[in-house]
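Engineer: The structure follows.
What follows draws every value from the coordinates through simple rules; no lab data is involved. Keep in mind that this is a model prediction, so the values were computed, not measured. Methodologically, a virtual Cβ is constructed for each residue, glycine included, from the backbone with ideal geometry; neighbour enumeration extends over all protein chains shown.
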Amino acid sequence: MEFAGVLTAIAGGILRDVFACEILAVFFKELYASASIAGVLVIYVLYVVGVDLSLATITDIVAVISIRLAATMYGWNLPKAKPNTLPLHCTAFPALITRVLQNRRMSIEVAKIKGIPVRLHFTLLISFFLISWTLATHLMPQHFPNLTSLDYWVMGSFGAVLLFVSILLHELAHSVVATKYGIRVRRIILFIFGGVSDMDEEPKDFRKEFKMAIAGPATSFAIAGGLALIWWVVFQGHTGTTGGETLSIVLIAKAVTFYGAISNAILGAFNLIPAFPFDGGRVLRAGLVRWKGDYETATRIAAKVGIAMSYVFMGFGFALMLTGDFASGLWLILIGWFLHGGAQSYMSQFELSSTLSGVRLQDIMNTDMISLRPDNTVDDALEDYFAVHMKSELPVIDYNGYLLGMITLKHALNIPEYRRRQMKVEEVMTPLEELIIMRHDEHAIEALKQMAGRHMGKVFICDADGRLTGLVSKTDVINAARETRKRQETLGKISRSAAR
């Protein structure tokens, strides 16, 4: 009942927030959805432990109503997540997923492996429940009949955990090979659609790219082979016994091992599909670079193959839906959609990176800056700066030119009018540590990635001592890319005319 309520009442809002790349509002704005989700967990636990369904339902209703009343009376809300950063360049998944992870992602760091932070995104909870439910209600009962519901849910839960660990090892294999070649891995993130390794750059050498790309699927196949061997040697022919509520550890281990072998084999095979930017697409590009000797041409071909493969997936999906297999068809269409978006987005990003490859911040930064002092009042900022210069954000520097922070028009307007004459700019400014600060000799494309990843409109250019020397906005970078592209097209036309 609560689960149906959640789906019907908030599904539209969830889709809105996901596609707008916002934190799901139902998890912090009001506690009605969270109360219903708690109700789902309550009735599930009661059902698993064998409580009568009528009693479980009554208990569940009381629990949900109590949570809602308490939330209304005491103003309970879940805390909002603070914005975090994920650079625009991401080496494994399509653009939509990348943007969802970029924008205020809710994740926690759970470990560091070989110096690489491992983070779990909050959407992993959704994936955990769906996988556990699918295994407990469909796959496990088919292959291991006559067990209790608790047995199946334990199998499902352990199977989901094993799959997540396998995905982590898959991504870790990519990352270990990358660090071997001197490429910094910022983090590994596990989320609802799998895993992603966030790297500083991509190798241009086809040998390195091949080894990095193949490491993940090879690891998945190795895990599948190891689990299959364990299943064959240890569990083959063992039927196990259960009686009443007795939990058969052997059967659970056998089932989880069986699922782990199958899921890792599928994971490895799926990632080898030559659909850029998946692992198979990168393997394809490495082969094309070796064959043609041109990285840009190979990237374009690999991206076009990825787009073609996306249409193949969507075509098969529609065919399955027409034959009545709606669920499988919809899943294939979604896969095709993500492949198409990933290939298109990567190609656009690659072209932008190529265009800006020779542009540095010193070439485009604005040195004619308008700035505030920390002891200016908010009223001064609004009347003498924002209103006069029509800016939405301004740097705050001390009298020696050192950058201290940034004040935005929004922050200033949020201060009540009666306080603006007394409140100083330094009291409301964004502190230095939250700004994007770069050196003048860094590349413009890196500035654009940071602005996109941190949802900020400006990069502050400082010297080695911290003095502000210039500003660069997103518009500056995009204009530089547009002008560079026009210049390249003009030179190309001149070269072709001369060749004739």
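Engineer: Which order do peptides 437-448, 480-491 fall in by mean Cβ count within 10 Å, highest first?
Structural biologist: Going by the mean number of other Cβ atoms within 10 Å, highest first, we get 437-448, 480-491.
Engineer: A 22 angstrom limit on the alpha carbon distance is what I want to check against. Which of 180/211; 292/449; 114/180; 391/424; 410/474 exceed it?
Structural biologist: Pairs exceeding 22 Å: 292/449.
Engineer: Per residue of the range 411-423, in order, report the coupling 6.51 cos²θ - 1.76 cosθ + 1.60 (Karplus, θ = phi - 60°) as ³J(HN,Hα) in whole Hz, putting x for Gly and Pro.
Structural biologist: Running phi through 6.51 cos²θ - 1.76 cosθ + 1.60 with θ = phi - 60° gives 4, 5, 5, 6, 6, x, 4, 5, 9, 5, 6, 9, 6 Hz.
Engineer: Net charge near residue 306: determine it from the other residues with C-beta under 14 Å of the C-beta of residue 306, scoring Lys and Arg +1 and Asp and Glu -1.
Structural biologist: +3
Engineer: Which aspartates and glutamates, if any, have their Cα less than 20 Å from the Cα of residue 493, not counting same-chain residues under 8 positions apart?
Structural biologist: Within the straight-line cut-off, residue 493 pairs with 296, 351, 483.
Engineer: Given contacts defined as C-alpha pairs under 8 Å and at least six residues apart, what's the relative contact order of the range 361-483, whole-number percent?
Structural biologist: 29 percent
Engineer: Quick one: Cα centre-to-centre distance for the range 388-414 and the range 448-465, in angstrom?
Structural biologist: 15 Å
Engineer: Check cross-link reach from residue 112 to the aspartates and glutamates: straight Cα distance under 17 Å, and skip same-chain residues fewer than eight apart.
Structural biologist: Of all the aspartates and glutamates, those that pass the test against residue 112 - Cα under 17 Å, at least 8 places apart if same chain - are 171, 198.
Engineer: Which one of 394, 319, 374 has its Cα pushed farthest toward the positive end of the charge dipole of the range 317-404, where Lys and Arg give +1 and Asp and Glu give -1 at the Cβ?
Structural biologist: Toward the positive end, the furthest listed residue is 319.
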